[in-house]
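Below is one structure, written out as structure tokens, with a few remarks after it.
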Amino acid sequence: MHFHNRPQCYGGNTMRAMQIVEFGKPLQLNTYADPAPSGSEVIVRILSSGVCHSDLHLWEGFFDLGGGQKLEVTNRGMTLPHTLGHEIAGEVVAVGPDAKDVRVGQRFVVFPWIGCGQCAACQAGDELLCAAPRTLGTRRDGGYATHVVVPHPKYLVDHGNTPIELACTYACSGLTAYSAIRKTETVKNRKRLLLVGAGGVGMAGLEVAKAIFDGEIIVADIDDKKLQTAKEHGAHDVVNTRAEGALARLQQQTGGGVCSAVDFVGAAASFRFGFDALRRGGKIVIVGLFGGDAPFAPIAMPFKMAAIEGSYVGDLPEFHELMALVRAGKIGPMPYATRPLEAANDVLEELRGGKVVGRVVLRP
Ligand SMILES: [Zn+2]
Ligand SMILES: [Zn+2]
């Protein structure tokens, strides 16, 4: 359900949203009647909203599948105008008659990866496998706004004493990193983990890896400034993948390669570097959505006995696990900066230019 279809309101016409009205064009500031909840819905007044790299693709209207092929976001259920933003935290301001165990005034981070609730996958608890999800910020209106409609209180998760500006980032960058790194646990005898890409999700990955991986963490990127930040945040070693002989040096230093890698970029070069850096029996998990295609020799798989796995965000049980670690103070803060909601266009441009270190969080 979209805000502009909602005739009721409980507190006036104070809702503001920075919306896509045309793909690739500047977001437009629109005002609406404050949304009113029905059924099990909860209305959250947004206090922080992270700007994710995938928002760039959604804003442009497509994902790059390589070879000139595009995945149009309108084929993935987005209609315009649309409010981006899937890293949302805020305060409950209204609850529907069937929304239990939640009170006005409570603050939460919102789990945005919400399924239809009806299909076989959703019934089995695999909301991420749902073919018709209700994801906030990609299918339903999301966080570049003052208010968001959450379909059920079970998607609201306690963030403890974590500052609200940081709390929102766990809903995508933190969760995506957590789920991907957990998938590397199938590799036996893990001693070294390579994180390719030190952007927002990669930096969250570094913090998560420090908490749940007891080994050496190596961070690779093409930007020395980002590598420096990674080093300051506890990476044991960093690699500029564009440096002459970077791969050979890494293979030598690690005695034949790393046990596992996570590709936070999802481009041809990042995948190639991560895969080639694996030792025998290693695994690379791909999470980045940068796009493009990568030439690949299938016989590399048997020769290396390697595994390639895809990971997309994370599920609600994983989010609870992650937030328990966050509340226990086990996950260090990733670098972030805050900006007003109305600066969303500037932030997207800065992100496209590769100028953002860590996360930029909008504060409506
Ligand atoms: Zn994201
Ligand atoms: Zn479903």
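Within segment 127-138, how many residues turn out to be of a type in the set (Gly, Ala, Ser) and more than 16 Å from ligand 1 (Cβ to nearest atom)? Working first, answer last.
Initially, segment 127-138 is screened for residues of a type in the set (Gly, Ala, Ser), giving 131-132, 137.
Applying the additional criterion that residues be more than 16 Å from ligand 1 (Cβ to nearest atom) yields 131-132.
So the count comes out to 2.
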Please enumerate the residues belonging to segment 303-316 that are more than 16 Å from ligand 2 (Cβ to nearest atom) and out of contact with any Leu (no Cβ under 7 Å at 6 or more places or on another chain).
PHE303, MET305, ALA307, ILE308, GLU309, GLY310, SER311
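Which of the residues that make up segment 221-263 are part of a helix (DSSP H, G or I) and closer than 18 Å to ARG192 by Cβ?
Kept after step one, since they are part of a helix (DSSP H, G or I), are these residues of segment 221-263: 224-232, 246-253.
Answer for segment 221-263, where residues must be part of a helix (DSSP H, G or I) and closer than 18 Å to ARG192 by Cβ: LEU227, ALA230, LYS231, ALA246, LEU247, ALA248, ARG249, LEU250, GLN251, GLN252, GLN253.
Tally up the residues in segment 105-126 that are within 16 Å of ligand 1 (Cβ to nearest atom) and not in a loop (DSSP other than H, G, I, E, B), please. Spell out the reasoning first.
Step one: filter segment 105-126 for residues within 16 Å of ligand 1 (Cβ to nearest atom), giving 109-114.
Then keep just the ones that are not in a loop (DSSP other than H, G, I, E, B); that gives 109-110.
Final tally of qualifying residues: 2.
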May I ask you to list pairs of residues, at least six apart or on different chains, whose Cβ atoms are under 7 Å apart, with the first in segment 162-173 being closer than 12 Å to MET323 by Cα and the second being part of a helix (DSSP H, G or I) and within 16 Å of ligand 1 (Cβ to nearest atom)?
THR169/ALA204; TYR170/LEU322
Looking at the structure I just gave you, is GLY174 under 15 Å from the mean Cα position of the chain (by Cα) and either surrounded by 20 or more Cβ atoms within 10 Å (Cβ to Cβ) or under 21 Å from LYS330 (Cα atoms) (or both)?
yes
Tell me, which strands (runs of 3 or more DSSP E) wholly within segment 14-92 include 1 or more residues that are away from ligand 1 (no atom under 16 Å from the Cβ) and in contact with a helix residue (DSSP H, G or I) (Cβ under 7 Å, 6 or more places away or on another chain)?
15-20, 28-32, 42-51, 62-66
What are the pairs, 6+ residues apart or on separate chains, where a residue within segment 46-71 that is under 18 Å from SER173 (Cα atoms) and in contact (Cβ under 8 Å) with a residue 12 or more places away in the chain has its Cβ under 9 Å from a residue that is acidic (Asp, Glu) and within 16 Å of ligand 2 (Cβ to nearest atom)?
none
Taking the stated definitions as given, is GLY96 touching a Leu at 6+ places or on another chain (Cβ under 8 Å), at pLDDT 95 or above and either over 20 Å from VAL208 (Cβ atoms) or among the polar types (S, T, N, Q) (or both)?
no
Cβ contacts < 8 Å: first residue more than 15 Å from GLY234 (Cβ to Cβ), restricted to segment 323-334; second residue among the aliphatic types (A, V, I, L, M) and part of a loop (DSSP other than H, G, I, E, B), any location; separation 6+ or different chain. Result?
LEU325/ILE331
Considering only residues that are under 15 Å from the mean Cα position of the chain (by Cα), in a loop (DSSP other than H, G, I, E, B) and surrounded by fewer than 16 Cβ atoms within 10 Å (Cβ to Cβ), which ones fall in segment 276-334?
TYR312
Restricting to segment 177-199, give me the number of residues that are within 16 Å of ligand 1 (Cβ to nearest atom) and surrounded by fewer than 19 Cβ atoms within 10 Å (Cβ to Cβ).
0
Note down all Cβ pairs under 7 Å where the first residue falls in segment 105-133 and is closer than 18 Å to SER49 by Cα, the second is β-branched (Val, Ile, Thr) and within 14 Å of ligand 1 (Cβ to nearest atom), and they're at least six residues apart or on different chains.
VAL110/ILE88; PRO112/ILE88; PRO112/THR135; TRP113/THR135; TRP113/VAL313; ILE114/THR135
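Suppose the filter is modelled with pLDDT under 95, buried (at least 21 other Cβ atoms within 10 Å of the Cβ) and within 16 Å of ligand 1 (Cβ to nearest atom); does PHE264 pass it? It would help to see each step written out before you state the result.
Numbers: modelled with pLDDT under 95: no; buried (at least 21 other Cβ atoms within 10 Å of the Cβ): yes; within 16 Å of ligand 1 (Cβ to nearest atom): yes.
Judged against the criteria, PHE264 is not a match.
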Out of curiosity, is HIS147 under 20 Å from VAL360 (Cα atoms), away from ligand 1 (no atom under 16 Å from the Cβ) and surrounded by 23 or more Cβ atoms within 10 Å (Cβ to Cβ)?
yes
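Do we have any residue at all in segment 275-290 that's out of contact with any strand residue (DSSP E or B) (no Cβ under 9 Å at 6 or more places or on another chain) and in contact (Cβ under 8 Å) with a residue 60 or more places away in the chain? Walk me through how you get there before you give the answer.
First pass over segment 275-290, keeping only residues out of contact with any strand residue (DSSP E or B) (no Cβ under 9 Å at 6 or more places or on another chain): 276, 280.
Those left that are additionally in contact (Cβ under 8 Å) with a residue 60 or more places away in the chain: none.
No, every residue in segment 275-290 fails to be out of contact with any strand residue (DSSP E or B) (no Cβ under 9 Å at 6 or more places or on another chain) and in contact (Cβ under 8 Å) with a residue 60 or more places away in the chain.
The values are calculated or read from the model by the stated rules, or taken from the named source; none is laboratory data. Predicted, not measured: the structure shown is a model, and the values here were computed from it. Please note: Cβ atoms are built from the backbone with ideal geometry, for glycine as well, and neighbour counts cover all protein chains shown.
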